[in-house]
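Down below is the structure, laid out as structure tokens.
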Amino acid sequence: MTFFISVDSDGIFNVNAFQNNAMRLNSTVISSVSNLWSRRFITMMTAGLVGAFLLAPDFAEAKQRKEVTHKTLKSSKKKTSAAVKLAKRTTQFAAVAAAPLRVSFGQKAGLHAASDPLDLRSSVALVIDQDTREVLLSKNDQAVLPIASLTKLMTGLVISEAQLPMSEMVMITQADVDTEKGSSSRLAVGTVLSRGDLLHLALMSSENRAAHALGRTFPGGLDAFVARMNGRAKSLGMKDTRYVEPTGLSSNNQSSAHDLATLVGAAYKEPVLRELSTSHGREIAVGHRTLQYNNTNRLVKSPQWDIGIQKTGFINEAGQCLVMQAQVSGRKLIMVFLDSAGKLSRIADAERVRRWVEKSSALSTGTKHVALSDQMPS
């Protein structure tokens, strides 16, 4: 059946015109449905078809408007999200910029104003000959300052001398989580490692939870361990030294350059401390994962250095710290650098000392420190 559509001058569909055209084309069909209900049916069907035809562009236009609106809203959300992120970054930056810089105890005391022949960045420095106990270089060597993770060298000495079983398994607990500085650790609560592995991570990678677990599981508990640390310091003649915990996170762990030189000399006697503190790295299996730990002192990998024992440290109150025993130009030297300004400055200071010693033709001009000579272990 063919349909003819008639539209008047106002654009309104004329159903009667359509019916007349249809009847003229096919009188047989019209006559067969000439009753009233048939005519009504054809009228309704015809109106529906034509209405759909006329409204189709409106539906398409509405769909297009809906898509455009959706895209606009999506773009608006993205812009709003980006603006929120930018605002957060700006706020964070402003907060950091407004926060006062945290200076070290040495900076507060004005120790960085002191000069030295090598222009060291450390406010405190001491270099002595381990065998002759001759002082080659000293700078603010009587100052008593926070020592950060240099504390772990005494932690290791106490553990080593106690001759506890290194194969005994120790679990990291909530008590080992840092509440002093809020520092992070890859040793999750529940991790179980041997005492030997914990000692390795504490000395080589300065792992705070490892060091705390060593003290916590010491016979008698943490208080007994800290008491042993202070007792050992006293027995070595370390008069300027005090410990309150085994990690160094507390700024109340304090010492002087002379006392730390004494500690390095004592710790050097323990083969396990020499081996673990100078280890380049270690893979530790923790559950289903294998963690790679590296030495915090990059000098242990340098072919220009022959390091016997070492320990690094840092908290804001202490600055960058480093103690080492190393052979330079055939001499065993103990080096102490405290309160160094800048992340790599302690390493740079050690390099300056090494080059200075290597180039020096006469090191006997250093002044011998009698008190240190009496304190240094042979």
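Only the coordinates and a few stated rules stand behind these numbers; no lab work does. Just so we're clear, the structure is a prediction, and the values are computed from it rather than from any experiment. Virtual Cβ from ideal backbone geometry, glycine too; neighbours counted across all protein chains shown.
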Exercise. If you take the square roots of the eigenvalues of the alpha-carbon gyration tensor of the stretch 224-312 and sort them as a ≥ b ≥ c, do you get rounded (a/c under 1.5), prolate (a/b over b/c) or oblate?
Worked result: oblate
Problem set entry | FRET efficiency, residue 227 to residue 142 (Cβ-Cβ, R0 41 Å, nearest 0.05) | 0.95
Exercise. Do any GluC sites (Glu not before Pro) in the stretch 151-240 lie in a DSSP loop with no more than 11 other beta carbon atoms within 10 Å, and if so, which?
Worked result: 168
Exercise. With contacts defined as alpha carbon pairs under 8 Å and 6 or more residues apart, what's the relative contact order of the stretch 236-355 in percent?
Worked result: 19 percent
Seminar exercise, completed: PRE zone check, label point 7 Å out along Cα-to-Cβ of residue 286, amide N under 19 Å, scope the stretch 212-252, hits 212-217, 247-249
Seminar exercise, completed: Quick note, the stretch 278-328: a/c under 1.5 would make it rounded; otherwise a/b > b/c is prolate and the rest oblate (a ≥ b ≥ c, C-alpha gyration tensor); here it is oblate
Exercise. So if we plug the beta-carbon distance of residue 360 and residue 252 into 1/(1 + (r/R0)^6) with R0 = 41 Å, what FRET efficiency do we get, rounded to 0.05?
Worked result: 0.60
Seminar exercise, completed: Taking every other residue with Cβ under 13 Å from the Cβ of residue 360 and scoring Lys and Arg +1, Asp and Glu -1, one gets +2
